[in-house]
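Step one of this worksheet: look at the structure below.
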Amino acid sequence: MSQTIKTYLDLMDTQREAVFSLLDEITDAQLWQRPAPGEWSIGEILDHNYLLMASSYPIVKFMWNGLGWYGRWQRSRPYKAEIEDLYRSPKFPQWVGFMWTPRFNPRKPVSLEKLKSEVRNLHADIRRFYEGKDEDVLGNLYLFDPLFGWCNLIVTLRIGIYHDQLHFDDVVKQAAAFK
């Protein structure tokens, strides 16, 4: 496994577990308490993060399984393995989250353990997928995203991790208000 991919996967796990450890002291009521009308609770944010990664992961797998031959054919071509965090740009349209509306909410809550388990299992699947894959092939298989443009499968992983961190920052702020 390349150092870049290992770094990204380790970051995915580290930032997730850091946030999960902060949530050990909150109650189920706090998990689903919205900070203001029209804003998501911690539970909704965690579910939203899960849904975004869960919706892109099958596409990544399809690209590898269905079009991996193209990546192998193009493996000698240069590619980017990094991208700036466009989620932090003031020009980024933050309103697109509605496309991954949480399945769970204050009227339909689940336990924090269920949310953690789903995210951990998904991240474990993503880790297993990327481990052992040839970076030169991953770097030459591209998906199109209307906001990010053409992204190879390495950059796609990084974008998902940036997205998680964006919302994990929100979770940290909300959890701090309960202490």
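The values are calculated or read from the model by the stated rules, or taken from the named source; none is laboratory data. These numbers come from a predicted model, not from an experiment. Here Cβ is always computed from backbone atoms with ideal geometry, including for glycine, and neighbour counts include all displayed protein chains. Protein only, heavy atoms only, side chains kept; ligands, DNA and RNA dropped before computing areas. Shrake-Rupley method; radii C 1.70, N 1.55, O 1.52, S 1.80 Å.
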Do any trypsin sites (Lys or Arg not before Pro) in the stretch 17-125 lie in a loop, going by DSSP, with at most 14 other beta-carbon atoms within 10 Å of their beta carbon, and if so which? 80, 91, 103, 107
Part-to-part distance (alpha-carbon centres) for the stretch 14-83 and the stretch 115-144, which is given in Å: 10 Å
Please work out the average accessible area per residue across the chain, using the 1.4 Å probe convention, and give it in Å². 53 Å²
Mean residue ellipticity at 222 nm from the helices of the chain, using -39,500 (n - 2.57) per DSSP H segment of n ≥ 4 over the full residue count, to the nearest 500 deg cm²/dmol? -19500 deg cm²/dmol
The extension gain from residue 28 to residue 14, computed as 0.36 nm times the residue separation minus the Cα-Cα distance, is 2.7 nm
The extension gain from residue 176 to residue 134, computed as 0.36 nm times the residue separation minus the Cα-Cα distance, is 11.0 nm
Please state the shape class of the stretch 38-95: rounded when a/c is under 1.5, otherwise prolate if a/b exceeds b/c and oblate if not, all from the C-alpha gyration tensor. oblate
For Cα Rg over 2.2 N^0.38 Å, pick the label among [x] 1.30; [y] 1.08; [z] 1.36 that corresponds to the value derived from the coordinates. [y]
How much length is gained if the chain between residue 122 and residue 89 is pulled fully straight, taking 0.36 nm per residue apart and subtracting their Cα-Cα distance, in nm to one decimal? 9.2 nm
Compare 26, 126, 45 in a GNM of the chain, Cα atoms joined below 10 Å, and give the one with the largest fluctuation. 26
If one builds a Gaussian network model of the chain from Cα atoms under 10 Å apart, the most fluctuating residue listed among 46, 157, 22 is 22
Cα-centre dipole for the chain with unit charges at Cβ (Lys and Arg positive, Asp and Glu negative), debye to 20: 400 debye
